């Protein structure tokens, strides 16, 4: 008789990313679902990793991260935000931002503590909270600008609230939280003595007209905020899994006590490469934005031409598109049922199997109570080569109203 999983993971299924990627591979679809680039980052960064390997820099790193990388992270933070963090006591290198989020949640949440999450959320937030024994509380972001109701958020805070997780720039909506929104969140955190985790992995992918503000920069928040970011999104090496957590010493201690028993340390030669990457000149960071803005605008137009309504993102490399107004009778005459009339999962499966373009159904990023908010949306990733997007466009043109 097979053994059952532990209760803490028994309700977890495969991630929606795994399901849609399998379906895309099976049907040879262009995969605009999973958010990783189909190109590499700078050659100089790759060379730094290979040089470290050849030099024998291949054994365990320090659990908190190699000193050179922690110094580079501190320099990067001061360069872009004017913040100062002690590399020894306030910076921890983790196996990607995902592990940083897990270590922070495990290190800070006690059973019964409440954790406030904005919906749609990055899919690791809820499992992290549940495995720590916490209780998720949800506040939806509503289109078209993906704003939250201040009264609804304020009502979610109470004496049991331990954490709030803020993701800006936001996956999957592309929202960049405004300074006013962050100030409101900061005031609630201070009123209720709540810790904030600010997930900022897309910090350098912010487009013209928007500005990224760090929650930890606001008055009264430095001492209660853990800022999490990563090397993968900014430098296009997502498989290297190098992330970091910035926090005051007491919160850093909590992160490190969990981190040491989750992964202990991240890949040593990749830390050497990340040290080089963080020191790239301003031209690199500007070219990153230019590169992605071209792709954003291209895919947004393709989707609009296909009859979807697009929420043009202010940041990240994702587009949320509303398919509810597509001309159903013309587009779907070749199929036995109309997936638009069902939900986002049916639509994305149909788009993958029949049209040959994979997207992610964002209801996976909502609690059961709010899944209906994603019913007519699909998330598309534009962190791809132009030829990949053009191939997808050729297929999506089949959706154009005749």
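Just so you know, all these numbers are worked out from the coordinates, no wet-lab data involved. Values in this document were obtained by computation on a predicted structure and should not be read as measured data. Every residue, glycine among them, receives a Cβ derived from its backbone with ideal geometry; neighbour counts consider all protein chains shown.
How high is the relative contact order of the chain, in percent, counting Cα pairs under 8 Å that sit 6 or more residues apart?
Value for the chain: 24 percent.
For the residues 126, 9, what sequence is obtained by ranking on other C-beta atoms within 10 Å, fewest first?
9, 126
Taking each residue as 0.36 nm, the span from residue 304 to residue 78 lengthens on full extension beyond its C-alpha to C-alpha distance by 77.4 nm. Per the Kirkwood formula applied to alpha carbons, region 31-128 shows a radius of gyration over Rh ratio, Rg over Rh, of 1.02. Spatial offset of region 45-90 relative to region 5-22 amounts to 33 Å, using the alpha carbon center of each. Taking label positions 7 Å along the Cα-Cβ direction at both residue 158 and residue 43, the computed distance is 6.0 nm, reported to one decimal. Once the C-beta distance of residue 400 and residue 4 is scaled by a Förster radius of 35 Å, the resulting FRET efficiency is 0.10 to the nearest 0.05. Considering all alpha-carbon pairs of region 361-402, what whole percent are spaced by more than 13 angstrom? Tail of P(r) above 13 Å: 65 percent of Cα pairs. Does anyone have the angle between helix 268-278 and the longest principal axis of the chain? Alpha-carbon axes, 0 to 90°, nearest 10? Approximately 80 degrees, to the nearest ten.
Work out, in µm²/s and without decimals, the Stokes-Einstein translational diffusion coefficient of region 60-280 at 20 °C, 1.002 mPa s, Rh from Kirkwood over C-alpha pairs.
124 µm²/s
One quarter of the surface of the convex hull around the alpha-carbon atoms of region 140-196 equals 3.8 nm², the direction-averaged projected area. With contacts taken as Cα pairs under 8 Å and at least 6 residues apart, region 60-280 reaches a relative contact order of 30 percent.
Modelled this way, with points 7 Å down the Cα-to-C-beta line, the labels at residue 28 and residue 110 are 5.9 nm from one another. Rg ratio for the chain: its Cα radius of gyration over 2.2 N^0.38 Å, N being its residue count, equals 0.99. Each part reduced to its alpha carbon centroid, region 107-177 and region 225-279 end up 22 Å apart. If you wrap the Cα atoms of region 109-217 in a convex hull and average its projected area over all directions, you get 6.5 nm². With the largest listed first and rounded to whole Å, the semi-axes of the equivalent ellipsoid of region 85-139 from the Cα gyration tensor are 22, 13, 10. Compared with the alpha-carbon gap, the fully stretched path from residue 190 to residue 250 is longer by 19.9 nm at 0.36 nm per residue.
Taking the chain as a Gaussian network of alpha-carbon nodes connected by springs under 10 Å, the highest mean-square fluctuation of the residues 149, 123, 113 belongs to 149. Place a point 7 Å from Cα of residue 145 in the direction of its Cβ. Which residues in region 165-193 have their backbone N less than 17 Å from it? Residues 170, 173-185 fall inside that zone. Per residue, the Cα convex hull of region 170-325 amounts to 153 Å³. Our helix-only sum for the chain, with -39,500 (n - 2.57) per DSSP H run of n ≥ 4 divided by its residues, gives a mean residue ellipticity at 222 nm of -12000 deg cm²/dmol. Residue separation of residue 290 and residue 62 scaled by 0.36 nm, minus their Cα-Cα distance, works out to 78.5 nm of gained length.
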